[in-house]
Amino acid sequence: MSLFEERVAAVETAIGYQFSEPELLVTALTHSSFAAENNVESYERLEFLGDAVIELAVTATIHDMLPHAPEGRMTRVRAAIVDESTLASAARLIGLGDAVRLGVGEDRSGGRARSSILSDVLEAILGAVYLDGGTEGAFTVVSRVLGETVEDRIAATRVADDRSTLQERLARSGKVVSFVYERSGPDHAAVYTATAYVDGAVVSRGIGGSKKGAAIAAATEALKAGI
């Protein structure tokens, strides 16, 4: 087995998918500079397909994990995942830089570490998986490669966004939420209670170490109650 074949096999192991048509993966790992020097096909067409595959898979995952989130929040989470930097980081974690086929000049200039190339290669691989194994195979690989990133992005925004999520949800029906605060406890350990009102009626209460924290806690409770 050649060094490149070993690296192709390592990519299959890393993404948890074995190709029935391995030439698809070879093409997905072929940069245009190598293609031009060796008269073979580059990954560009697969990259075009893979870009759509990743966006659909990530969108479906976010939709399932955030069943009550408004479109704006889901869009923000997706934008934090489907971007060059995030995809390149995922590509580095599974060692794609070692496997990509580059032209001599591109290789010497550091192409293996370039984020634009790594993100493109990852997209191309997902395009190849889609052609080889269909939607189910592609979605499984996206989950394996990007699932933890999706969870991290959602976790990072979930609590902080609950107040804006509540505001956006109510705004769709022409309603507005307001918060009234009460402070208690000593100065060095103040505790705030936020009472959320919608149309003059109390819908929830929350407690926090600051007004913002209390409002977020109240918004979280309102969302849990189905407001």
State yes or no: is Leu122 assigned to a helix (DSSP H, G or I), buried (at least 19 other Cβ atoms within 10 Å of the Cβ) and touching a helix residue (DSSP H, G or I) at 6+ places or on another chain (Cβ under 8 Å)? yes
Hey, among the residues in the stretch 72-111 that are buried (at least 18 other Cβ atoms within 10 Å of the Cβ) and among the charged types (D, E, K, R), which one's modelled with the highest pLDDT? Arg101
Those residues of the stretch 125-142 which are of a type in the set (Ser, Thr, Tyr) and buried (at least 24 other Cβ atoms within 10 Å of the Cβ) amount to Tyr130
Restricting to the stretch 168-215, name every residue that is farther than 25 Å from Gly226 by Cβ and of a type in the set (Val, Ile, Thr). Val191
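Looking at the structure I just gave you, is Ala196 over 30 Å from Thr59 (Cβ atoms), touching a Ser or Thr at 6+ places or on another chain (Cβ under 7 Å) and either modelled with pLDDT of 90 or more or of a type in the set (Lys, Arg) (or both)?
Spelling it out, Ala196 is indeed over 30 Å from Thr59 (Cβ atoms), touching a Ser or Thr at 6+ places or on another chain (Cβ under 7 Å) and either modelled with pLDDT of 90 or more or of a type in the set (Lys, Arg) (or both).
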If we ask which residues in the stretch 172-227 are surrounded by 11 or more Cβ atoms within 10 Å (Cβ to Cβ), free of Cβ contacts under 8 Å to residues at least 24 places away in the same chain and β-branched (Val, Ile, Thr), their number turns out to be 6
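The values are calculated or read from the model by the stated rules, or taken from the named source; none is laboratory data. Computed from a prediction, not measured in an experiment: that's the story for all the values here. We place every Cβ from the backbone using ideal geometry, glycine too, and count neighbours over all the protein chains shown.
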